[in-house]
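Take a look at the structure set out below.
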Amino acid sequence: MSSIKLPPKYYHFEQAWILEELPEDPSLIVKTMFGGVAIYLYGKLVLLLMESQKDLEWRGTLVPTEREHHSSLQKQFPKLSPHPILQKWLYLPLKSTDHEHIMELLIKRIKAKDLRFGVLPQARSKKKKKACRKAKRARPTHKQN
């Protein structure tokens with residue numbers, strides 16, 4: 001059982017229960033990404049919980065994995081399919097009648113360190129970091145009179 005909490009903005013998430021199913025592990029990181037909640041475990045991005053109210057294709061669970069694992073995961077979990085937009089990852093729509101049950105099975109495999117799950121986060125290049133710092137410094141400051 002994880003003691004990590006969602007940021008307040010995400011308390012309403014239907015998928016918030018998933019955090020309770022995650023192991024207490026020092027590698028567990030939960031943060032916001034693309035308007036959803038990204039879950040990192042064992043150094044990999046393993047799940048991305050999305051619940052857009054406007055776009056149905058962004059309402060479900062993205063399962064980050066390498067393309068070479070798609071077919072074996074889809075055989076084991078037939079409801080998984082490539083995401084309609086981000087096809088490099090698999091997707092389980094929130095509207096699936098057995099979404100919760102499938103998520104419980106996926107989490108068991110993730111906790112067992114099944115190598116098919118997760119992608120390593122891309123390291124930010126030094127150029128990008130410098131550009132970000134420069135952009136922050138270059139912002140005009142507003143002085144109040």
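Within segment 93-102, track down each residue that is in contact with a strand residue (DSSP E or B) (Cβ under 7 Å, 6 or more places away or on another chain) and modelled with pLDDT of 95 or more.
Correct list: Ile102 only.
Six or more apart or on different chains, Cβ under 8 Å: which pairs go from a residue in segment 30-57 that's under 18 Å from Asp114 (Cα atoms) to one that's hydroxyl-bearing (Ser, Thr, Tyr) and buried (at least 22 other Cβ atoms within 10 Å of the Cβ)? Could you list them?
Short answer, once both residue conditions are applied: Leu47/Thr61; Leu48/Thr61.
Determine if segment 83-92 includes at least one residue that is free of Cβ contacts under 8 Å to residues at least 12 places away in the same chain, touching a Lys or Arg at 6+ places or on another chain (Cβ under 9 Å), outside any loop (DSSP other than H, G, I, E, B) and surrounded by fewer than 20 Cβ atoms within 10 Å (Cβ to Cβ).
No, segment 83-92 contains no residue that is free of Cβ contacts under 8 Å to residues at least 12 places away in the same chain, touching a Lys or Arg at 6+ places or on another chain (Cβ under 9 Å), outside any loop (DSSP other than H, G, I, E, B) and surrounded by fewer than 20 Cβ atoms within 10 Å (Cβ to Cβ).
What are the residue pairs meeting all of these: first residue in segment 99-124, first residue closer than 21 Å to Phe13 by Cα, second residue part of a helix (DSSP H, G or I), Cβ atoms under 8 Å, and 6 or more apart or on different chains?
From segment 99-124, the pairs are Glu100/Trp17; Met103/Gln15; Met103/Ile18; Met103/Glu21; Glu104/Glu21; Ile107/Ile18; Ile107/Glu21.
The values are calculated or read from the model by the stated rules, or taken from the named source; none is laboratory data. Just so we're clear, the structure is a prediction, and the values are computed from it rather than from any experiment. Cβ: placed from backbone, ideal geometry, glycine included. Neighbour counts: every protein chain shown.
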